[in-house]
1. Just give me a number: lysine pairs in the chain, eight or more positions apart or cross-chain, with C-alpha atoms less than 24 Å apart.
2. State the Kirkwood hydrodynamic radius of region 226-289 in Å, one decimal place, computed from all pairs of distinct Cα atoms.
3. For region 269-313, evaluate the Debye formula with one uniform point scatterer on each Cα (no solvent term) and list log10 I(q)/I(0) at q = 0.22, 0.23, 0.29 Å⁻¹, rounded to two decimals.
4. Given the -39500 (n - 2.57) contribution per DSSP H run of 4+ residues, what per-residue ellipticity at 222 nm results for the chain, rounded to the nearest 500 deg cm²/dmol?
5. Please report 95, 250 as a ranked list, fewest other C-beta atoms within 10 angstrom at the top and most at the bottom.
6. Please work out the C-alpha center-to-center distance from region 318-338 to region 195-228 and express it in whole Å.
7. In whole Å, what are the extents of region 144-246 along the principal axes defined by its C-alpha atoms, from largest to smallest?
8. Using only the Cα atoms of region 23-86, each taken as one equal point scatterer with no solvent, compute I(q) by the Debye sum, divide by I(0), and report log10 of the ratio at q = 0.14, 0.21 Å⁻¹.
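Just so you know, all these numbers are worked out from the coordinates, no wet-lab data involved. Small disclaimer: the values here were computed from a predicted structure and weren't measured. Cβ coordinates were reconstructed from backbone atoms using ideal geometry, including for glycine residues, and neighbour counts include every protein chain displayed.
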Amino acid sequence: MRTIDWIDGHIELIDQTKLPGELVVRKVSDLDELIDDIKRLAVRGAPALGVSGGLGVALVAQQGLTGSELEEAAHRLANARPTAVNLSWGVKRVMQYASEGKERILEEALKIRDEDIASCYSMGQYGADLMEELLGEGQHSVMTVCNTGGLACVERGTALGVIQTMFERGTLKEALPVETRPLLQGSRLTAWELQQMGAPYRLIVDSAGPFLLRRGFAQAFFAGADRIAANGDTANKIGTYSLSLGAKAMNLPVIIVAPESTIDMATKTGEDIKIEDRGSEEVANFHGVRTAPEGTEAINPAFDVTPHENITAIVTDRRVIRIARGETLATVPLGPIRTK
Ligand code: MRU
């Protein structure tokens, strides 16, 4: 089942705030509703946000918006969340065709959707090959953060897509998703997806990650990305940086898996990446239950930046950039999209 799609003139998306309890599909035919769904993380994950950007513009174009009205709507949509570059990338990509009319815009948005599916299979192949190269034959366990599966894309996923490919090849011993405070994408969404695919997994609390890496529970750490700067610094879900430190301390591979659309060569380093601040409420409450004293203020960055020095390799849908061997985004040429 697709996380987000275009069906009979409107957008359909899985409401991820309801998982794992309920699988609810929402029909969205209003831009403000889509923007609200993005802000409250009903639809989330960088590639799915890219598709949302494209389909959101297509939706309002189909409803008759043109010219400056279309531009204003596109601007609002592109800025619904700041860190994942894919959202503004998806909006810009379809807006290039604004003057060619609504059918051309829709065609481009559907292309983004279809390319996203193909790119996930390709990342799976590149990533699983890299694991065999780095870790050797046999089965290996992998730690991962947040949700980078089909729910973060259209189908299949980025880092979790590689884990799925390893599972299908018989090289996955066990996946160890960290629960990913405060919104629990790891336990609510990644554990749910691993269970759906029948892969072996055990859930761990975020703070157990580095210790369990030290004790040999996993042989690599995989993460997705929301924005990769030109020097390889990578913004991803809060907690990625600390897990990269834990893995680096043990000389274990830190692998970032993301489509080419997540690379932002216009952003020079991680210092220039805007990090979404999601405010105190999400930290001081969970599902309506207060978990800290009334009036407690929290610091709640939704993402952090892992410096490129901590990254072993970046796996995209078109190439593997071995950062630890001195390769860079600027020097490694694009290769083919690989199939299943
Ligand atoms: O706040 P979220 O749930 O949108 O954060 C998502 C992540 O950080 C993912 O790791 C990233 O978008 C890559 S998804 C393939």
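1. Taking the Cα cut-off of 24 Å, the pair count is 23.
2. Numbers: mean 1/r = 0.0727 Å⁻¹.
Computed over Cα pairs of region 226-289, the Kirkwood hydrodynamic radius comes out at 13.8 Å.
3. Calculated log10 I(q)/I(0) at the listed q: -0.76, -0.79, -1.02.
4. Details: 10 runs with 121 residues, N = 340.
Result for the chain: -11000 deg cm²/dmol, rounded to the nearest 500.
5. Values: 95 22, 250 15.
Ordered from fewest to most neighbouring Cβ atoms within 10 Å, 95, 250 come out as 250, 95.
6. About 24 Å separates the Cα centre of region 318-338 from the one of region 195-228.
7. 34, 34, 26
8. Listed by q, the Debye log ratios stand at -0.36, -0.81.
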